[in-house]
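What follows is one structure encoded as structure tokens, with my remarks underneath.
Derivation of every value follows stated rules applied to the coordinates shown; laboratory data play no part. If you're wondering where the values come from, they're calculated on a predicted model, not measured in any experiment. Counting neighbours? That spans all protein chains shown, and the Cβs are built from the backbone with ideal geometry, glycine included.
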């Protein structure tokens, strides 16, 4: 006995590569971590939590990043939002008002502190800290007149007069400080003080 399937009755939704991103977010429990740090009262009518909104923005940012927030529902239209974000969530729930309130909550909590705490928890839980670390510095000599200090309070590396590691007369220099461990790598560039 063969069964027939009525294709007109089926509804298709795309996951694309966003399913991989969503499963990685779930593996690291990002939604729960952000919800713990940015609580949202469901009593005020919120359907989507801050953690779920952040998950949506991550997924959206990897596929639709040049568009403004008000187009987020358009991005999720036709995608399996209930599978990507959570059951009961629809594309229209991920509008610019909801996402904007989450960005405001991130700002109020201090974005650097918030993301550092979440990253530390992930690294601790998944044992991503290495047993060894290495710090090295490199001197970069810069030539030309196009390097001026515009803002003393800037966190951006700006070349300045200084001495290179080769003990050459004062030249415009920057120092690169690559940090490496057995798991992760990072780099800090700063200007050499005069």
- Find how much the distance from residue 111 to residue 14 grows on full extension, using 0.36 nm per residue of separation minus their present alpha carbon separation; answer in nm with one decimal. 31.7 nm
- Message: Return the equivalent ellipsoid semi-axes of the stretch 27-119 as a descending list in whole Å, where each equals the square root of 5 times an eigenvalue of the C-alpha gyration tensor.
- Response: 20, 15, 13
- Computed from the beta carbon distance with a Förster radius of 35 Å, FRET efficiency for residue 125 and residue 70 to the nearest 0.05 stands at 0.45
- Message: Show me the ranking of peptides 78-91, 104-117 by mean Cβ neighbours inside 10 Å, starting with the highest.
- Response: 78-91, 104-117
- residue 5 and residue 44 label points (each 7 Å along its Cα→Cβ direction) are spaced in nm at 4.5 nm
- Message: Neighbour counts of other C-beta atoms within 10 Å: give me 30, 71 arranged from fewest to most.
- Response: 71, 30
